[in-house]
């Protein structure tokens, strides 16, 4: 989607009472089909990679990288926490160093690609970063025309291109405020997905006291629903919602 198209979609969502699934598609498109997603401070990145000891698989390391609004638009990236799972024993610590933490201060507009291109022979996910939405569109066009050649020369344009090893998975998650804290849901997920991600085993028990607000026409507006019906669990999240109970 072009920069103008993104702005138009944002205005439409902010000013029309659309079904939540339609609002989501306008904001983010059918990203599973087109193979990329622009990410900003509404998201964080989850990275999962194997832990090996003496050359043998021992467990998984899950790391989280946070996105913050940049002063000139776009986002900056910081390290969150990590969770090492070795034989079902969880150890928390800081997220390890990653190329994302060393972006140029100008490269604040980030696009997540997950098509099965071969970058340097053993990659399948890539993240691009550029100085503006227009520069990102230009970079993406060059990347799609030749992923390997573009990534090799991205720095010459002031861009960044990170190719992800095949044994690592990186994916975006959408930020939602729950009881005053940041929580994260799968991209394209609904209220039920969010509650399950929070390890709430019986979301139906939350409906009696559940309150939801979401951005609309520049302000946070309450979502009206029947607490006796589970239909609200299918509300598709677009980012920025606030849930309390």
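The values are calculated or read from the model by the stated rules, or taken from the named source; none is laboratory data. On a predicted model such as this, the values are computed, not experimentally measured, just so you know. Please note: Cβ atoms are built from the backbone with ideal geometry, for glycine as well, and neighbour counts cover all protein chains shown.
Which residues, counting only those in the stretch 207-224, are in contact with a helix residue (DSSP H, G or I) (Cβ under 8 Å, 6 or more places away or on another chain), surrounded by 12 or more Cβ atoms within 10 Å (Cβ to Cβ) and at pLDDT below 95? 215, 216, 223 - these are the residues of the stretch 207-224 that are in contact with a helix residue (DSSP H, G or I) (Cβ under 8 Å, 6 or more places away or on another chain), surrounded by 12 or more Cβ atoms within 10 Å (Cβ to Cβ) and at pLDDT below 95. Within the option set 67, 37, being modelled with pLDDT of 95 or more and either within 12 Å of the chain's Cα centre (by Cα) or not in a strand (DSSP E or B) (or both) holds for one residue only, 67.
Among the residues examined, residue 197 qualifies as outside the structural domain of residue 128 (by TED's automatic domain parsing), surrounded by fewer than 19 Cβ atoms within 10 Å (Cβ to Cβ) and either in contact with a strand residue (DSSP E or B) (Cβ under 9 Å, 6 or more places away or on another chain) or modelled with pLDDT under 90 (or both).
For the stretch 133-173, which residues satisfy the criterion of being outside any helix (DSSP H, G or I), touching a residue at least 60 places away in the same chain (Cβ under 8 Å) and under 19 Å from residue 108 (Cβ atoms)? Across the stretch 133-173, the qualifying residues are 160, 162, 170, 172. Would you confirm whether or not the stretch 209-218 contains a residue that is outside the structural domain of residue 239 (by TED's automatic domain parsing) and over 23 Å from residue 114 (Cβ atoms)? No: zero hits.
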